[in-house]
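Presented below is the structure to which this report refers.
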Amino acid sequence: MRATVPLAVLTEGLRKSYGGTEAVAGLDLSVPAGQIFAFLGPNGAGKTTTIGILCTLLRPNAGRAEVAGYDVLRQPEDVRRHIGLVFQESTLDRDLTGEQNLRFQADLFGLSRREARRAVAAMLELVDLTHCKDAPVSTYSGGMQRRLEIARGLLHAPRVLFLDEPTTGLDPQTRVVIWEHLHRLRREEHITVFLTTHHLEEAENCDQIAIIDEGRLVVEGSPSRLKAEVGADLVALRTGNDEAAARAVREQFGFEATAGPGGVRFRVTGGAEFVPRLCAELHVPVHSVTVTPPTLDDVFLRHTGRTIREADDTPSVFSEL
Ligand SMILES: Nc1ncnc2c1ncn2[C@@H]1O[C@H](COP(=O)(O)OP(=O)(O)OP(=O)(O)O)[C@@H](O)[C@H]1O
């Protein structure tokens, strides 16, 4: 049954293969309008392929997809008019100024001179680039370039903005700035933002996420709900004798404790409340205790049996920090 909230994106049984590789393997998605929605998955999970289909750049082998209420195969022109797309790789002309890049895009979309002037000025303002609109893009920082790309994707007032890995290669401070802009866009322009990422930290910023692995939807929901479903906190202990402490936690409390380089680790619901009892009853000196609530990596692990970092075949920028 169709939801009563208008849907920005709907897919049913979507499939796409490249030779023997099934990149998208029967994907059902529904994204209500007005959300920041993340498509989270390791490298090669099928995220870019799905965006390609939704943006009418690729044809699916089976299934169907609608964007902003239009069918990607039967109404591709309508879909294109209502979407903005920001690719992983920069497609800006570095020799042109920021303003010229936007003007060029306005021409491509057939905006009148007057409309173009108004839209270009408004978008430069929205992403805080008015002050450097006359400088060549080659002089912009990575974050400024990404903001200009987002402005360009928004020039024709799309209803859905697709962003493929919006902050890849950017430093942490710039990532925060880009995210502030995305939230502002959603708030002020009421558009749906559909982004792909393999960064768990990035997905945390979204209203809803869909975790995808090997072309399939693993689980869908808000980050807080998905983490709450995992339930148990991770407790890590540094003790005088980790092997003995792990054994005691298993025998006295019945938790699956292990001893390793990170100390003794086990999971328990209500970890913080359990710590006083643990320290009082454990007959091994405890030097430190860390309680970590479930993360999206725990959600991925629970549903796929491996962590997203294990599933990723290329290192994440975060793992390098
Ligand atoms: N043009 C292509 N020809 C052949 N195989 C492809 C092509 N594009 C993607 N694939 C394969 O399809 C699968 C899904 O790729 P896709 O790029 O959609 O994943 P992704 O989740 O976006 O990954 P990344 O985060 O690395 O961009 C991968 O196994 C990939 O190697």
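The values are calculated or read from the model by the stated rules, or taken from the named source; none is laboratory data. This structure is a prediction, so every number in the text was calculated from the model and none was measured. So basically every Cβ, Gly included, is an ideal-geometry build from the backbone, and we count neighbours across all protein chains shown. Ligands, DNA and RNA are excluded from the accessible area calculation, which covers all protein heavy atoms including side chains. Shrake-Rupley method; radii C 1.70, N 1.55, O 1.52, S 1.80 Å.
With springs only between Cα atoms under 10 Å apart, run a GNM on the chain and tell me which of 300, 104, 253 wobbles the most. The residue with the greatest mean-square fluctuation here is 253.
For segment 109-164, the gyration tensor built on C-alpha atoms gives an oblate shape. Its axis ratio a/c (a ≥ b ≥ c) is at least 1.5, and a/b is not larger than b/c. Under the simplified labelling scheme, the residue 115-residue 307 pair shows an inter-label distance of 5.0 nm, with each label point 7 Å from Cα along Cα→Cβ.
Which shape class applies to segment 1-97: rounded if a/c is under 1.5, otherwise prolate when a/b exceeds b/c and oblate if not, where a ≥ b ≥ c are the square roots of the Cα gyration tensor eigenvalues?
In terms of gyration-tensor shape, oblate.
At a Förster distance of 22 Å, what's the computed FRET efficiency of residue 157 paired with residue 89, Cβ-Cβ distance as r, to 0.05? Rounded to the nearest 0.05, the efficiency is 0.35.
Extension gain residue 238-residue 288, at 0.36 nm per residue separation less the Cα-Cα distance, in nm? Intermediate values should be presented prior to the final figure.
Details: separation 50, 0.36 × 50 = 18.00 nm, distance 0.51 nm.
Between residue 238 and residue 288, full extension yields an extra 17.5 nm.
Computed about the Cα centre, the dipole magnitude for the chain is approximately 760 debye when only Lys and Arg (+1) and Asp and Glu (-1) carry charge, each at its Cβ.
How do 16, 133 stack up against each other in accessible area, from largest to smallest, with a 1.4 angstrom probe? Can you show the working numbers first?
Values: 16 30, 133 55 Å².
Sorted descending by solvent-accessible area, the residues read 133, 16.
Based on alpha-carbon atoms, the Kirkwood radius and the radius of gyration of segment 169-321 give Rg/Rh equal to 1.06. When the helices of the chain are scored as -39500 (n - 2.57) per DSSP H run of n ≥ 4 and the total is divided over every residue, the value at 222 nm lands at -10500 deg cm²/dmol. Positive end of the dipole of segment 236-316 (Cβ unit charges, origin at the Cα centre): among 260, 249, 283, the Cα lying farthest that way belongs to 283. As I understand it, the dipole of segment 173-306 uses +1 on the Cβ of Lys and Arg and -1 on the Cβ of Asp and Glu, about the Cα centre. Which of 195, 212, 270 lies farthest toward its positive end? So the residue we want is 270.
If only the Cβ of Lys and Arg carry +1 and only the Cβ of Asp and Glu carry -1, the dipole of segment 45-179 around its Cα centre is close to 300 debye.
Radius of gyration (Cα atoms) of segment 26-174, expressed as a multiple of 2.2 N^0.38 Å: 1.10. So for segment 64-148, considering every pair of alpha-carbon atoms, how many percent are separated by more than 19 Å? Across segment 64-148, Cα pairs with separations above 19 Å total 47 percent. Kindly identify segment 232-293 as rounded, prolate or oblate by the Cα gyration tensor criterion: order the square roots of the eigenvalues as a ≥ b ≥ c, call it rounded if a/c is under 1.5, otherwise compare a/b with b/c, prolate if a/b is larger, else oblate. Rounded, since a/c falls under 1.5.
Compare the Cα positions of 181, 161, 35 along the charge dipole of segment 7-221 (+1 at Cβ of Lys, Arg; -1 at Cβ of Asp, Glu; about the Cα centre) and return the one farthest towards the positive end. My answer, from the dipole projection, is 161.
For a paramagnetic label modelled at 7 Å from the Cα of residue 297 toward its Cβ, which residues of segment 224-245 fall within the zone defined by backbone nitrogen distances under 16 Å? Correct set: 227, 233-237. For a straight C-alpha distance cut-off of 17 angstrom, the lysines reachable from residue 47 (same-chain residues fewer than eight places away being disregarded) are 16.
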